[in-house]
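The values are calculated or read from the model by the stated rules, or taken from the named source; none is laboratory data. Computed from a predicted structure; not experimentally measured. Here the Cβ positions follow ideal geometry from the backbone for every residue, glycine too, while neighbour counts run over all protein chains shown.
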Amino acid sequence: MAADLPKRPRRKRPKTSSPRAPRPGTPAEAKPAGADLRPRAAELLQALDRKIEDDQGGVPTFFDNHLKRVLTHAVRPGPEVPIGLVLGPQAPRREAAAPELERLRGFLDRFDEGRFIDYRIRRVEKPGQKPRRSEIDPHDMTLSQGAWESLRWRGLPLFKTVYDFAIYPMLIWELQPKTIIELGSGSGASALWMGDLLQAFKLPGKVVSIDIKRPKASHPRVRFLRGDCERIAEVLPVMEMIGLGHPWLVVEDAHVNVLGVLRHLHPQLRHGDYLVVEDSSIKSQALARFFAETPGAYKVDTRYTDFFGQNATASFDSIFRRV
Ligand SMILES: C[S@@+](CC[C@H](N)C(=O)[O-])C[C@H]1O[C@@H](n2cnc3c(N)ncnc32)[C@H](O)[C@@H]1O
């Protein structure tokens, strides 16, 4: 792993009563909304300042500036300045809490969970919690592969969201894969793009890209294989996979026989390899079965799924690290 990751501070959850579940008989109005967040906000504010200074050479992002404003208000003492008041309309009851306050709460909760999370924990909703959807507005997500024209690489249509277009280079840089296995080549642009990234990063890896229709494109780092994911054992025989160097980055983007493909690849995946399942909102049954069969073998890497906000990716809860 490259050593370029800003560390998330480890902390224990404070023993404050949660506004999600007020004790019976306690009027919800007794505390200003968000008061429970103060200790956590204070700690995060310090971590934020350290991160801006140590990791970014003192240059804040849009998000850093916004979070700093929110947190600075949040840590102000005294009930006369309740967090709900400064973040939006004062909201003594949870149902009426300011969206900003809820966003801060969600961010802090995710921060406390750490980077690598079990898929089933990530998917199963806790009582009183909102489902873990994407923080990206559905319309923005609809536009994210291009409005009318699709995103392009070397002039060929590339079927990635703008979020994933930014996420993959970081993942490839960090992982330094020796082999990238792509299921579903499309026009070939995605394999060319990943081959170009390997070359630009001066990494020795190769791309194997499989599709039922072989694209016309070619690249010195890419081997296009024509094959049917319904018959994955014939396309990628075990003996052939054994010869492919690790770490692997597997990208499932053919949307065919997903469970069969994962079952076939699983015994070959080693600690530290990555498995990305794209467009996973339509594959949740296959994923649930696969993870029931392989308990504890994979963790969701939230550095990437949540890089631009929770599930701001086509790989919804489905950028996995083999553990
Ligand atoms: C979403 S596209 C892949 C997009 C590409 N990975 C990208 O990011 O630009 C899905 C691809 O899966 C391929 N496909 C469909 N059925 C298949 C099958 N049974 N086996 C292999 N590939 C298949 C299609 O031909 C199509 O090119």
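Things to note:
- For segment 33-83, residues that are touching a Phe, Trp or Tyr at 6+ places or on another chain (Cβ under 8 Å) and either more than 17 Å from residue 111 (Cα to Cα) or modelled with pLDDT under 85 (or both) total 0.
- Residues of segment 197-215 that are under 16 Å from residue 184 (Cβ atoms) and exposed (fewer than 14 other Cβ atoms within 10 Å of the Cβ): 213 alone.
- Scanning segment 161-204 for residues that are free of Cβ contacts under 8 Å to residues at least 24 places away in the same chain and either among the aromatic types (Phe, Trp, Tyr) or touching a helix residue (DSSP H, G or I) at 6+ places or on another chain (Cβ under 8 Å) (or both) yields one hit, 165.
- Here residue 150 passes the criteria (1) under 30 Å from residue 45 (Cβ atoms); (2) surrounded by fewer than 19 Cβ atoms within 10 Å (Cβ to Cβ) except the one numbered (1).
- Positions within segment 182-207 being more than 6 Å from the ligand (Cβ to nearest atom) and part of a helix (DSSP H, G or I), in sequence order: 191, 192, 193, 194, 195, 196, 197, 198, 199, 200
- Segment 256-297, residues that are surrounded by fewer than 17 Cβ atoms within 10 Å (Cβ to Cβ) and of a type in the set (Val, Ile, Thr): 256, 282, 294
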